[in-house]
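Q: Dumping the structure here so I can ask a few things about it.
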Amino acid sequence: MSATDVLSCEFENPVMPYLRQERLPHIWCPGCGIGTTVNCFTRALADSGMDLDKVAIVSGIGCTGRVAGYMNLDSFHTTHGRAIPFATGLKLANPELKVVVYSGDGDLSAIGGNHLIHAARRNMDLMVVCVNNFTYGMTGGQVAPTTPLGATQTTMPYGNFETPFNLPFLADACGAVYVARWTVYHVKQLAKAMLEGLKKKGFVFIEAMAPCPTLYSRRNRLGDGVDQLKYYKEKSKIVNGANTKDVGLSLFQGDIVVGKFVDRERPTWLDAMNEHFTQHFGEKFTPYGVSHAQD
Amino acid sequence: MHADPKGVLTGIHFIDGDHAACEGALAAGCRFAAGYPITPSTEVVERFAARIPLVGGMFIQLEDELASSIAIQGAAWAGKKVMTVTSGPGLSLMMEHIGLAAIAEVPSVWVDVQRGGPSTGLPTLPAQADMMQVKWGSHGDYEPIALSPNSPQECFDLMIKAFNLAETYRVPVFFMMDEVVGHMTERVVIPEASEIEVVERKWTAKKPGEYRPYETDASLVPEMVKAGDGYRIHITGLTHDERGYPALNPQAQDKLVKRLINKIRANADKLVDVREDGVEGADVVVVSFGITSRVAGAAVDAARAAGIKVGHLRLVITWPFPAQRIRQLAATVKAFVVPELNMGQMALEVERAAAGKAAVLTLPHAGGTVHEPAAILAKIKEAAQ
Ligand SMILES: Cc1ncc(C[n+]2csc(CCOP(=O)(O)OP(=O)(O)O)c2C)c(N)n1
Ligand code: SF4
Ligand SMILES: [Mg+2]
C-alpha cells in the first residue's frame, strides 16, 4: 500500500480490502482464533505484493472452511477433506495461479489425511494453512486427530485416549518443503510464515494453533479465548529448525514448540513432469504452463 | 466451433472402446483428466496419459477416486474441459463430488465402464447396473445426463457429444460404458478435426463487477468465468444465491434446486436421443441400451423372421429418460420388452412412462456376461401373445 492509500483509508481497517465486505459479519464465535489467522493472512497478502487476481483460495468444510468465502480472491468452498485435490486440479490446470488451501485440522488430517500426505509427497505447489483448534468445531466439538490425550470431547466424553498426530512431523516426513507452526498469539511470526509460504515454491504446510472457546475450551474448562492465548504465551517455545519429531502436542495443555521447522528445495510435481517429458520427448514437448514466479 | 486438430487422431483405427473413448475425449477438447486405476476402465486413462504430453494438457493419477473426482472440478474452474474415469467401486466413492458438480454447475464428464457388482463384484465382467446410481446416487435432487454407447465407434462419437452436453448444460455427464463395449475391438473412424463440432464453454462477456456467477437467462444455464481472470468468484457446495454466496434458507434452496432441475427437464425434448427401428405399427417394442442393444438387435431380427411385428428402441441418452416417447408408443403397442444387465433399473422408467397403457416385460440379468439372444427372443414371443 502506498502512503496516499494509507491516508485515504485512514479510518478503514487495512484488512478490509482483502475481505468480501458484503459478507460480513462472519459466522465465527467471539474469541475464536480463526479470524486472527485470517488477519495474518491478509497481512501476508498485502506484504507479498502479489497480483491478487492470480491468488486463489480453496477450503474444505468446517468453521475454518468458511475462510475461503470471506476472502476477496477467487475462492472455493469445496467438500469435507478434499480441498487439497481440488486445489491440485486448479493449480495444474493453471500453473500461473498461486493456490492456497485454508482449512481445519479435522478436514485436512482426518478425512483429508490421504490427500495431505500425497500432495506433500508429490511436492505439489500449494500453500496449506491448517488451523488447529484440536477439535471439530463446526459439528460441535468431537474428537479430532489432533485432540491431546485426556482432553474431553463430545465423542470422547471420558477424555481422549487416542494418540494425536504431530502434524509438522507428518508433513515433513512426507516431503513438504516448508513446515512451520505458530499460534495466534504469534501474529507477526504467523503472518511472516504465510508471506514466506506465498513466496515459496512447492508444498508448504503451516499449522496455526487457534482457540475454539465455544467448544474445546468450554468443555475442558479452559476459560475463554484470552485464556487460551495466555496458555500459548506461557507454554510456547520458539525453536526454529527444531526436529519435527520433537514437536508433538499430545499432552493436554502441554508445552508447545513453535517456529519454522523446515525450509528446503525440491522440484515440484509440475517441474519434475516438465523436466522429465522434455528429456523424453525432446523438442516435440512444450513445457506445460508457466511456473509461479518467485519474485 | 471445430475441434482443435491437436487432439484429433484422424484416420481409420482398429481399437477397443476404452481407447476410442479416450480419443473421443481428446477430440472433444478434454485437456485435463484425473483418475485412479480400476478394471475395466483403466485403459482410457492409460491412453490419455500416453497421448496428452504431446497434445498439450495434463493427466494425473491421484491417490483415490475422491481426489480424482474433485481435482477435475478444480481444473474446470481453471478453464479446462475435464474428465474422470472409473468403474463401480470408484464410482461409489465419487458420489459426493457428483453432487458438488451438480450444485456448483461444473461441466465435467464422468466415464463409468460398468462391471458386475455390488462391491468388488465381477471386476473383469460386464454389467449395466450403475444406471440408477448415476441418476440418484449423490444425495439431494439433481438431474444428470447419461449416454450409453454400444460400440467403439460410438465410444468415440458419443464422447464428443458428452463433452458438448457438459458444456451446454453445465452438469456432470455420465458416459455409461460396460466391460464388453470397453474391451471389444472394432473399426473406429476418426474424422478430420474440421468435421467435428465442439461446444465451447459458455464464457461470459461481462466484466468483473457486472458478473454474477449464478445469474441466468431463459436458458437457466449461467455463464462461466475462470479463476485468475480477475472476477474474484466464490464457488461453494452450499446452497447459494446468484452471487455464489451461501444462502441457507428455504427460499434460496427452492430457487436454486428448481433451476438445477429445470435446466435439464425443460430441455428434455431436445435431449432425447433414441435410435428407433421399426417401432411404428409394431406390437412389441424392445427397449435397450449399451451392449444389450446389440444382443437385442439379433433377437429382433429373429422375431421378425418368425413373423412378429417387433420394433427396437435404443436409448442413446439414458438420462434424461425419453418418457414422452415411451408414453406415445404405449398408446399403440401391446408390450415393451426391457432386457438389461441388471435386476431391473431402466425397466422401472419404462413402466413409469407406459403408465399401465402397455405391458412391460422385464428381462433382468445379474451380469457377468450378456443376454442370450434366444432369451430375448422368447420374451418377445411372450409379449406378442
Ligand atoms: C463427508 C462429510 N462428513 C462429515 C461432515 C460434517 N463435518 C463438517 S465440518 C466437520 C469437521 C470440521 O473440523 P475441522 O476441519 O477441524 O474444522 P473446524 O470446524 O474445527 O474449523 C465435519 C465432521 C461433512 N460436512 N462431510
Ligand atoms: S465453534 Fe469454535 S472454531 Fe467454530 S467459530 Fe466457534 S469458536 Fe471458532
Ligand atoms: Mg478443527
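The values are calculated or read from the model by the stated rules, or taken from the named source; none is laboratory data. As the structure is a prediction and not an experimental result, all values here were calculated from the model. Note that each Cβ is placed from the backbone with ideal geometry, even for glycine, and that neighbours are counted across all protein chains shown. Areas reflect the complete protein model, heavy atoms only, side chains present, ligands, DNA and RNA absent. Shrake-Rupley method; radii C 1.70, N 1.55, O 1.52, S 1.80 Å.
Q: Shape verdict for segment B:99-233, please, from the Cα gyration tensor: rounded (a/c under 1.5), prolate (a/b greater than b/c) or oblate.
A: Values: a/c = 3.04, a/b = 1.57, b/c = 1.93.
Here segment B:99-233 falls in the oblate category.
Q: Turning to a different aspect of this structure: Would you calculate, for chain A, the mean residue ellipticity at 222 nm contributed by helices, counting each DSSP H stretch of 4 or more residues as -39,500 (n - 2.57) and dividing by all residues, to the nearest 500? Working shown, then result.
A: Values: 9 runs with 91 residues, N = 295.
My calculation for chain A gives -9000 deg cm²/dmol from helical runs alone.
Q: Which whole number gives the average count of other chain Cβ atoms within 10 Å of the Cβ atoms across peptide B:235-243? Walk me through the numbers on the way to the answer.
A: Details: counts 9, 10, 7, 4, 0, 2, 0, 0, 3.
Mean shielding by partner chains, rounded to a whole number: 4.
Q: Let me ask something else about it. Contact order normalised by length for segment B:5-195, with contacts defined as Cα pairs under 8 Å and 6 or more residues apart; what percent is it? Please list the in-between numbers first.
A: On the way: 450 pairs, mean separation 59.6, N = 191.
That works out to 31 percent.
Q: May I pose another question? Okay, helix-only estimate at 222 nm for chain B: each DSSP H run of n ≥ 4 adds -39500 (n - 2.57), divide by all residues, round to 500 deg cm²/dmol; what do you get?
A: Numbers: 13 runs with 149 residues, N = 385.
Result for chain B, helices only: -12000 deg cm²/dmol.
Q: Moving on to the next point. In what sequence, largest accessible area first, do B:K258, B:K357 appear using a 1.4 Å probe? The partial results should precede the final answer.
A: Working: B:K258 110, B:K357 140 Å².
So, going from the largest accessible area down, we get B:K357, B:K258.
Q: Running Debye on the protein assembly as shown with equal point scatterers at the Cα sites and no solvent, what base-10 log of I(q)/I(0) appears at q = 0.10 Å⁻¹?
A: -0.94
Q: In addition: Counting DSSP beta bridges in segment A:101-245, what percent are antiparallel, to the nearest 5?
A: Numbers: 3 of 19 bridges.
Counting only bridges with both partners in segment A:101-245, antiparallel ones make up about 15 percent.
Q: Compute the helix-to-body angle for A:113-122: its Cα long axis versus the longest principal axis of chain A, expressed 0 to 90° and rounded to tens.
A: Result, in degrees: 40.
Q: Using a 1.4 Å probe over the heavy atoms of the protein chains, calculate the carbon and sulfur portion of the accessible area of chain A as a whole percent.
A: Working: 6630 of 11940 Å².
Carbon and sulfur: 56 percent of the exposed surface of chain A.
Q: Please calculate how many Å² of accessible area chain B carries per residue, with a 1.4 Å probe and no DNA, RNA or ligand atoms counted. Write out the running numbers ahead of the final one.
A: Values: 13390 Å² over 385 residues.
I get 35 Å² per residue for this part.
Q: Hey, if we sort B:K202, A:K284, B:K334 by accessible area with the 1.4 Å probe, largest down, what's the order? Spell out each step's value before the answer.
A: Numbers: B:K202 55, A:K284 145, B:K334 100 Å².
Largest to smallest exposure gives the sequence A:K284, B:K334, B:K202.
Q: Round to the nearest 10 and report in Å² the accessible area of B:S119, as given by a 1.4 Å probe over the protein chains' heavy atoms.
A: Accessible surface of B:S119 is approximately 100 Å².
Q: While we're looking at this one, here's another question. Quick one: if you stick a label point 7 Å off each Cα along the C-beta vector at B:A266 and B:D64, how many nm between them?
A: Reported label-point gap for B:A266 and B:D64 is 3.9 nm.
Q: Let me ask something else about it. Just add up the charged neighbours of B:M131: K/R +1, D/E -1, any other residue whose Cβ is under 12 Å from the Cβ of B:M131. If you can, show how the numbers build up before the last one.
A: On the way: positive: B:K135; negative: B:D112, B:D130, B:D178, B:E340, B:E349.
Net charge around B:M131: -4.
Q: Moving on to the next point. Counting only the heavy atoms of the protein chains, how much of A:T139 is accessible to a 1.4 Å probe, in Å² to the nearest 10?
A: Number for this one is 90 Å².
Q: Continuing with the same structure: Which value, in debye to the nearest 20, describes the size of the charge dipole of the protein assembly as shown about its Cα centre when Lys and Arg Cβ atoms bear +1, Asp and Glu Cβ atoms bear -1, and nothing else is charged?
A: On the way: 65 positive and 72 negative charges, 234 e Å.
For this selection, approximately 1120 debye.
Q: If amide hydrogens are placed 1.01 Å from N in the peptide plane, which non-local residues have theirs closer than 5 Å to the one on B:I145?
A: B:F174
Q: Next up: Could you identify which residue out of A:G140, A:G259, A:G282 has the top mean-square fluctuation in a GNM of chain A using Cα springs shorter than 10 Å?
A: Looking only at A:G140, A:G259, A:G282, the largest GNM fluctuation is found for A:G282.
Q: Then there's this: Taking beta carbons within 10 Å but only from partner chains, what does the mean come to for residues B:220-232?
A: Working: counts 0, 0, 0, 0, 0, 1, 5, 17, 12, 4, 5, 2, 10.
Taking the mean over all residues of the peptide, I get 4.
Q: Straight-line reach from B:K6: which lysines have a Cα under 16 Å away, not including same-chain ones fewer than 8 places off?
A: List returned: A:K284, B:K80, B:K81.
Q: By DSSP, what percent of the beta bridges with both residues in the protein assembly as shown are antiparallel, rounded to the nearest 5? Numbers along the way, then the final one.
A: On the way: 24 of 95 bridges.
Taking every DSSP beta bridge within the protein assembly as shown, about 25 percent pair in antiparallel fashion.
Q: Next question. Starting from the Cα of B:K258, draw a straight line to each of the lysines and keep only those under 17 Å, dropping any in the same chain fewer than 8 residues away.
A: Counting by Cα, and skipping residues close in sequence, B:K258 has these lysines nearby: B:K135.
Q: Roughly how big is chain A's charge dipole about its Cα centre, with Cβ charges of +1 (Lys, Arg) and -1 (Asp, Glu), in debye to the nearest 20? Present the calculation step by step, with values, prior to reporting the outcome.
A: On the way: 28 positive and 27 negative charges, 126 e Å.
That gives a dipole near 600 debye.
Q: Average partner chain C-beta neighbours within 10 Å, per residue of A:94-106?
A: Numbers: counts 10, 2, 3, 4, 1, 3, 0, 0, 0, 0, 0, 0, 0.
Averaged over the peptide's residues, the number is 2.
Q: Angle check, please: helix B:250-265 long axis (alpha carbons) against the longest principal axis of chain B (alpha carbons), in degrees 0 to 90, nearest 10.
A: 50
Q: Let me spell out the model: positive unit charges on the Cβ of Lys and Arg, negative unit charges on the Cβ of Asp and Glu, origin at the Cα centre of segment B:283-367. What dipole size does that give, in debye rounded to 20?
A: Working: 9 positive and 5 negative charges, 46 e Å.
The dipole of segment B:283-367 has a size of about 220 debye.
Q: Where does helix A:269-281 land angle-wise versus the long Cα axis of chain A, in degrees 0 to 90, nearest 10?
A: Roughly 20 degrees, rounded to the nearest 10.
Q: To continue, here is another question. Please tell me the relative contact order of chain A in percent, rounded to the nearest whole number, where contacts are Cα pairs under 8 Å and at least six residues apart. It would help to have the intermediate numbers written out before the result.
A: Values: 624 pairs, mean separation 54.1, N = 295.
Reported relative contact order: 18 percent.
Q: Tally Lys and Arg at +1 and Asp and Glu at -1 over the other residues with C-beta under 10 Å from the C-beta of A:R20: what net charge comes out? Before the final figure, lay out each step's value.
A: Values: positive: A:R23, B:R232, B:R243; negative: A:E22.
That sum, taken over residues with Cβ under 10 Å, equals +2.
Q: Starting from the amide H of B:D178, placed 1.01 Å from N in the peptide plane, find each other amide H under 5 Å away whose residue is 5 or more places distant or on another chain.
A: B:Q114
Q: Still on this model: Report the local net charge at A:Y178: Lys and Arg +1, Asp and Glu -1, summed over other residues whose C-beta lies under 14 Å from its C-beta.
A: Values: positive: A:K98, A:R181, A:K192, A:K199, A:K200, A:K201, A:K260, A:R264, A:R266; negative: A:D125, A:D172, A:E196, A:E207, A:D263, A:E265.
Charge balance in the 14 Å sphere: +3.
Q: So, one more: How big is the B/A interface in buried accessible area, both sides summed, 1.4 Å probe, to the nearest 100 Å²?
A: Details: alone 15130 and 13560 Å², together 25330 Å².
In total, chains B and A hide about 3400 Å² from solvent.
Q: Another question about this same structure. Projecting each Cα onto the charge dipole of segment A:18-284 (Lys/Arg +1, Asp/Glu -1 at the beta carbon, about the Cα centre), which of A:G104, A:H80, A:M209 comes out farthest on the positive side?
A: A:M209
Q: Among B:G244, B:V45, B:L122, whose Cα lies farthest out toward the positive end of the dipole of the protein assembly as shown, if unit charges sit on the beta carbon of Lys, Arg (+1) and Asp, Glu (-1)?
A: Positive-most Cα among the choices belongs to B:G244.
Q: Follow-up. What residue among B:F163, B:F48, B:F14 shows peak mean-square fluctuation when chain B is described by a Gaussian network model with Cα springs under 10 Å?
A: Residue with maximal mean-square fluctuation among B:F163, B:F48, B:F14: B:F14.
Q: Which listed residue (B:P339, B:A78, B:L26) has the Cα farthest towards the positive end of the charge dipole for chain B, taking +1 on Lys and Arg C-beta and -1 on Asp and Glu C-beta about the Cα centre?
A: B:A78
Q: Roll a 1.4 Å probe over the protein heavy atoms and report the accessible area of A:C174 in Å², nearest 10.
A: Accessible surface of A:C174 is approximately 40 Å².
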